[in-house]
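The values are calculated or read from the model by the stated rules, or taken from the named source; none is laboratory data. The model shown is predicted, which means the values in this text are computed figures rather than measured ones. Here the Cβ positions follow ideal geometry from the backbone for every residue, glycine too, while neighbour counts run over all protein chains shown. Heavy atoms of the whole protein, side chains included, go into the accessibility calculation; ligands, DNA and RNA do not. Shrake-Rupley method; radii C 1.70, N 1.55, O 1.52, S 1.80 Å.
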Amino acid sequence: MVVMTWKEIEKKIHTRFDDRILKWFQHNDRRIYVDINPDDLIDFSRFLFEDLKARFVIASGVDTPRGGVEILYHFDFYQLPQVFSLRVFVKKPELEVESISTIIKGAEWIEREIKELLGVNFKNHPDLRHLVLPENWPEGKYPLRRDM
């Protein structure tokens, strides 16, 4: 396995996607956040995972006061300290984004959890049945939503 430096990885991302990056925010030397359109999520994820050999760590979501849910997809790179997070914002009431589980099988469960707790629909996900909430949980009630 060829190990790249963070600067090499950063250059490859900018070369491939510079015109599709809405915002690049480097919080510090180890935390980088990149805002992208939800429609670009699959292309970015595939490039990180397949081309740059990034490891998908986890995804997280938060219901924001801006009228939607922000989903962060966290990746890291072999033997490098940086955590690279893709951020997508999905608007209410649609709350829909393509599932990255078609590329990264390990994303299936966290997408199910985000679906249950925040109400985000992951298009083309293979199995969005309940994961953490009881089967009799009321339909349309999402415990991590601001309006709950």
The chain: calculated mean residue ellipticity at 222 nm from DSSP helix runs of at least 4, using -39500 (n - 2.57)
-5500 deg cm²/dmol
Looking at segment 64-147, what % of its DSSP beta bridges pair antiparallel, to the nearest 5?
75
Take every DSSP beta bridge whose two residues both sit in the chain, then give the antiparallel share in percent to the nearest 5.
75
If you find the alpha carbon centre of segment 19-33 and of segment 96-131, how far apart are they in angstrom?
24
Over the chain, calculate the relative contact order: mean separation of alpha carbon pairs under 8 Å at least 6 apart, over the residue count, as a percent.
20
Scoring segment 1-52 by relative contact order with C-alpha pairs under 8 Å, at least six apart, yields a percentage of 26
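Taking the mean number of other Cβ atoms within 10 Å as a proxy for protection, how do you rank 75-86, 6-17 from highest to lowest?
Values: 75-86: 16.6, 6-17: 14.0.
Result, highest mean Cβ count within 10 Å first: 75-86, 6-17.
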Which is farthest toward the positive dipole end of the chain among GLY119, ILE13, THR102, measuring Cα position about the Cα centre, with Cβ charges +1 (Lys, Arg) and -1 (Asp, Glu)?
ILE13
Please report the carbon-and-sulfur percent of the accessible area for segment 12-148; probe 1.4 Å, protein heavy atoms only, DNA, RNA and ligands left out.
48
Separation between the ARG31 and ASP43 pseudo-spin-labels, each 7 Å from Cα along Cα→Cβ, expressed in nm?
2.9
Can you find, among PHE25, LEU72, PRO38, the residue farthest towards the positive end of the dipole of segment 6-98? Put +1 on the C-beta of Lys and Arg, -1 on that of Asp and Glu.
PHE25
Would you count, across the chain, every pair of lysines whose alpha carbons are under 20 angstrom apart, provided the pair is eight or more residues apart or spans two chains?
19
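Can you give me the accessible area per residue for the chain, using a 1.4 Å probe, in Å²?
Numbers: 8470 Å² over 148 residues.
Per-residue accessible area for the chain comes out at 57 Å².
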In nm, to one decimal, how far is the LYS23 label point from the ASP147 one, both placed 7 Å along Cα→Cβ?
2.4
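How large is the convex hull of the Cα atoms of segment 26-136 per residue, expressed in Å³ as a whole number?
Working: hull volume 12.0 nm³, N = 111.
Roughly 108 Å³ of hull volume per residue.
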